[in-house]
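Accompanying notes for the structure given below.
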Amino acid sequence: MSISSVLSALYRYPVKSMRGQSLAASPVSPQGLPFDRNWMVADRAGNFVTGRTYPQLVTVGATPSDDGVTLSVAGRTDLFVPNTAFTLPLETKVWSDSFSAWQGATEADDWISSFVGTRLKFLWTGAATARRVKLDPAVPLSFADGFPLLLIGQASLDDLSAKVGRPLAMERFRPNLVVSGVEAFAEDGWKRIRIGGATFRIAKPCERCVFTTVDPATGSKSLDQEPLRTLARYRKTPEGVIFGQNVIADGAGGLARGLAISAAVLAVGAVLALGQKPLPRD
């Protein structure tokens, strides 16, 4: 790995499928980054909904605090949703995971439902999430798809953009950690990684879906099905179309843009040969 390999970008997504925040620095723990996907939109039955179905969600901003989250979007009055509004437990579901979360923020339910055009609920994990990572039940998990963190190499995105024939925003793929100074798809062969003083283990590849076709700036899907169409041509495996790696922090630490990175490398293809089905990301 190059001596200039660094953490070049850091993102969190306070509400699942809504606009992310670029951070200069952040604490990190096995659960991931503070406030990352602590809130979620669900249907009336409590099942998660995302930008796959309602791509306009990606245009909604979410600014978290210890007391709640503020929702904002062009043309509407901002709404602060206090955590104290979530008074009722609800059995919810993200993919095949069923677990308890909190509902009851009726003003937020109305705000989001009016914006999207169908009746929806706004949920909170609670002060302490009840969910755990399936492959490691000791690790708490928010409303993220299956793992606390997603890592992508900047060179991997550059390679994909060149093949698609136009620049692609990194936010389209919703990573938490972006690495620069390594070759395209070097992250596919990593087993462990150190960023500054924090260490992480690579859990499994990230399977990509139609959500990657949503432009994060406009909330519209690309008519040519890019970049998923191109990814399917050269990043397809028996487990799915792969782009990025899900990771788990070994413990608490601190991250900041510009921190040096080092990695332990597996044999080429070893990560994809682990027999673990990847998960998408939103």
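Mind listing which trypsin sites (Lys or Arg not before Pro) in the stretch 37-76 are in a DSSP loop and have 14 or fewer other Cβ atoms within 10 Å?
Answer by residue number: R44, R76.
For the charge dipole of the chain, defined by +1 on Lys and Arg C-beta atoms and -1 on Asp and Glu C-beta atoms about the Cα centroid, which residue among V178, P140, Q225 has the Cα displaced farthest towards the positive pole?
Of V178, P140, Q225, it is Q225.
Let me check against my output: what whole-number percent is the relative contact order of the chain, with C-alpha pairs under 8 Å and at least 6 apart?
25
Can you give me the Rg/Rh ratio for the chain, using Cα atoms for both radii and the Kirkwood formula for Rh?
Ratio value, two decimals: 0.95.
Under 14 Å from the Cβ of A138, count the other residues' Cβ atoms, weight Lys and Arg +1, Asp and Glu -1, and hand me the total.
Charge balance near A138 sits at +2.
Output the antiparallel fraction of DSSP beta bridges having both residues in the chain, as a percent to the nearest 5.
DSSP beta bridges in the chain are roughly 90 percent antiparallel.
Around A264, with a cut-off of 14 angstrom between Cβ atoms, what is the net charge of the other residues, counting Lys and Arg +1 and Asp and Glu -1?
+1
Can you give the Kirkwood hydrodynamic radius of the stretch 164-217 from its Cα pairs, in Å with one decimal?
Answer for the stretch 164-217: a Kirkwood hydrodynamic radius of 13.4 Å.
Taking H placed 1.01 Å from N in the peptide plane, check which residues at least 5 places from R192 or on another chain put their amide H under 5 Å from its amide H.
I202, A264
Please list, or write none, the lysines whose alpha carbon is within less than 18 Å of the alpha carbon of K93, excluding same-chain residues fewer than 8 places away.
Answer for K93, where 18 Å is the Cα cut-off: K16, K121, K134, listed by chain and number.
With r defined as the distance between the Cβ atoms of Q225 and R166 and R0 fixed at 22 Å, what FRET efficiency is calculated, to the nearest 0.05?
0.95
Over the stretch 1-160, with a single point scatterer placed on each C-alpha, what log10 of the ratio I(q)/I(0) does the Debye formula yield at q = 0.17, 0.18 1/Å?
With no solvent term, the Cα-only Debye profile gives -1.02, -1.13.
Residue by residue through the stretch 252-258, what is 3J(HN,Hα) from phi via Karplus (6.51 cos²θ - 1.76 cosθ + 1.60, θ = phi - 60°)? Round to whole Hz and write x for glycine and proline.
Going residue by residue, I get 7, x, x, 10, 7, 4, x Hz, with x marking Gly and Pro.
Bear in mind that the values in this text are calculations on the coordinates, not laboratory data. Quick caveat: nothing in here was measured; it's all calculated off a predicted structure. As a convention, Cβ positions derive from the backbone with ideal geometry for all residues, glycine included, and neighbour counts pool all protein chains shown.
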